[in-house]
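The values are calculated or read from the model by the stated rules, or taken from the named source; none is laboratory data. Predicted, not measured: the structure shown is a model, and the values here were computed from it. Glycine also receives a Cβ, built like all others from the backbone with ideal geometry; neighbour counts cover every protein chain displayed.
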Amino acid sequence: MSTDDAEPDRRSRLSAMGRAFGNRNYRLFFAGQGVSLVGTWMTRLATGWLVFRLGGAEAPWLLGVVSFAGLAPTFFLGPLAGVFVDRWDRHRVMVVTQVLSLVQSAALAWVAFRAEGGAASIWLIVVLSAAQGAINAFDMPARQSLLVEMVGRREDLPNAIALNSSLVNGARLVGPALAGAVIAAAGEAWCFVVDAVSYVAVVAALTAMRLPSRPMRASAESVGRHLVEGARYAFGFPPIRALLLLLALISFATMPQTVLLPVFAAQVLGGGPHTLGVLSAATGLGALCGALYLASRPSVLGLGRVIVAAAVLLGLGLAGFSRSGSLWLSAAMLTATGAGMMVQMAASNTLIQTMVDEDKRGRVMGFYGMAFQGAAPFGSLLSGWLAGVAGARNVVLGSGVLVLLGGLAFAMQLPRLRSHARPIYVRLGILPGVGAASATAMPPALAEAG
């Protein structure tokens, strides 16, 4: 490619990065979420540090328990929540989940203000984490399904998903750093207070939206029948099944690094809340870079190979982090893991949402939530126990090896997945100018290089 050709290509990528902002509803959502997510990341870091401080010698195990409590409800409730999201008004579901999250954060602040150590405070945190997990089980499929209605055009959906991921990880840079400063100055409870107040912004943004009316699906069939129908659809189509299984494996394997981060900050690197903030911010920086890369892509073509590359980057980053004894080398490795995890997750989300039928979107995204967040608690619970047996470093090293094996298995399936994905992308016009008869001669969305 010549230099003259490269310059327009760079300009087209830059112009493509913000195309979802053309819709007023998405702009409102983006602004409200931007405020709320800073509080969310403050709460995540503050919760981990509070449990680590109160837990004493049992802190690694208790960190795993709290993480399990916060994520396990998505595994058990996610698919069922997806059924109701397909039946209910998704916008109203999101408003309710955000109000409930505000109440949960306020309750967590109350517990933190009263915490004086001991099991009672920790188990109250476990209960509140489980409550938030149940809320998230409904929030995730509603949020992901509502994106299509916010942007209006299916072709803008990949950009909206990538921009949303950029927002999450931009907040991940600010939130942990702010939380570290607040914890050092005033304690963990004030992080939860900030989080509770931040939900007001997203509720205000949601109520200001003007969304087109969506015909509601008749609910004559039973909830169980709809659930079975969604499961058969999601796991009966090889590309969606492969993406969900890889996502579940990576979420399971990556969780030890997240859960054990306070252990690495305090025991491996000899630091405190500020060290934990640096490590968490490094992961967020990598994830933000990965999300911005995806936002700059003009098409979903080539995302299959991108997913494989992201899995390799993630696996190598985990292995490197497990062996590091330097703060800045650890931060560099976590930047790589953040980029790999975000690209893998957001690219999988994009491919699934592009291929799924609209009337089954909520249920499929329920299974997506089950894979993305639902598999993670089992990894967190296992990692907390294994860390006490084999050491935190060896647990994270094993996670990196598992991720690399999963990426290799997915790469070997790409030639078979292309034959299943190609007809859908031809029908949607993502492969322009290709007739059905010649579709088999075209490179697929899952395998073509970006």
Which of the residues spanning the range 341-389 are crowded, with 24+ Cβ neighbours inside 10 Å and free of Cβ contacts under 8 Å to residues at least 60 places away in the same chain?
VAL343, ALA347
Selection from the range 113-149 of residues hydroxyl-bearing (Ser, Thr, Tyr), farther than 14 Å from ASP86 by Cα and either buried (at least 19 other Cβ atoms within 10 Å of the Cβ) or modelled with pLDDT of 85 or more (or both) yields SER129
For the range 247-276, which residues satisfy the criterion of being farther than 17 Å from SER326 by Cβ and of a type outside the set (Val, Ile, Thr)?
LEU247, ALA248, LEU249, SER251, PHE252, ALA253, MET255, PRO256, LEU260, PRO262, PRO273
If you go through the range 318-334 one residue at a time, do you hit one that is within 17 Å of the chain's Cα centre (by Cα) and over 25 Å from ALA231 (Cα atoms)?
yes
In the range 341-391, what residues are outside any helix (DSSP H, G or I) and either over 23 Å from PHE138 (Cα atoms) or aliphatic (A, V, I, L, M) (or both)?
VAL356, ALA375, GLY391
